[in-house]
Amino acid sequence: MFGLLDRKRTIVFEHWLAPILDFSSDAAAFYQSVEEELKSRQVPTMVSERVLYHDGGSLSQKREYLRFRRETLIFDILSAQFGTSWWFSCRSAVLPRRLRLWEVLVFVLLVGAFAGIYWQTFGILVGSVVMGSSLLMVLVMMVAGRSWNGMDDLLLRLPVLGAFYESIFRPESYYRDDARRMYVSIVDYVVREKVKEFAAAGGIETVSFSDVTDSAQLSSLIQRMQAVIANPSSAAKPSKRS
């Protein structure tokens, strides 16, 4: 069924760290500066927000991340203290569409319930016309969403309907692919430049960006340990670029 029922987890395709020893910065000011810079570049359909992640379990301390989202592509950015040092982190990831079987069943039941209400209120004939008109309106919205950025973003975020819209009414194109790559390139470039800027303000002339090579990211501890045991070289120092 178009692969809509596959349960997928977040896919991190790039992650880098910029650790700075014996350094301190202002996370709120950094987030604001990045937001203002990207806002000035007018990246289409991109939204920013602050998200909180637990350090560990549900009772552990929360950390505030800066998130940029465009369609299903996100950047989660962190600026935080680590003892007497400071680090900046940036993850670019895909949030795959999730559509579970129970959601499909609930959707079908809701459609059936609305049909029953229409039939009871207006009769079988008129109720069927009203129901058909409602479904036609939804269909028109999905067709219009392909060329209307605001509607496109709204439909993508809807549960159940968003998955059908993305799979059936939103075909891939060269432009969509190029636009995603431009979005990823611009955000990554701006975040790196802002890290250098804030480091320079604190007297640090050179910043090393360490690429994290473990693409699995939030896999289980057992899986991570098995990978290290099977391939000890994976625990070596990540490559660096400035």
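Given the conditions (1) open to solvent by less than 80 Å² (accessible area, probe 1.4 Å); (2) in contact (Cβ under 8 Å) with a residue 40 or more places away in the chain, report the number of the one that Ile11 does not fulfil.
Result: Ile11 passes all but (1).
Can you name every residue in region 30-39 that is open to solvent by less than 80 Å² (accessible area, probe 1.4 Å) and either without any contact (Cβ under 8 Å) to a residue 40 or more places away in the chain or touching a Cys at 6+ places or on another chain (Cβ under 8 Å) (or both)?
Within region 30-39, Glu35 is the sole residue that qualifies.
Only residues in region 171-198 that are over 14 Å from Glu14 (Cβ atoms) count as the first member; pair them with residues that are of a type outside the set (A, V, I, L, M, F, W, C), Cβ under 6 angstrom, at least 6 apart or cross-chain, and list the lot.
Close Cβ pairs (under 6 Å, with a partner that is of a type outside the set (A, V, I, L, M, F, W, C)) amount to Val190/Glu37; Lys194/Ser33; Phe198/Ser25.
Quick check on region 41-84: of everything there that is of a type in the set (Val, Ile, Thr) and open to solvent by less than 30 Å² (accessible area, probe 1.4 Å), which residue is nearest to Leu155 (Cα to Cα)?
Among those residues, the one meeting the criterion is Ile74.
The values are calculated or read from the model by the stated rules, or taken from the named source; none is laboratory data. All of these numbers come straight from a predicted model, not from anything done at the bench. Cβ atoms come from the backbone with ideal geometry, glycine included; neighbour counts cover every protein chain shown. With ligands, DNA and RNA removed, areas are computed over all heavy atoms of the protein, side chains included. Shrake-Rupley method; radii C 1.70, N 1.55, O 1.52, S 1.80 Å.
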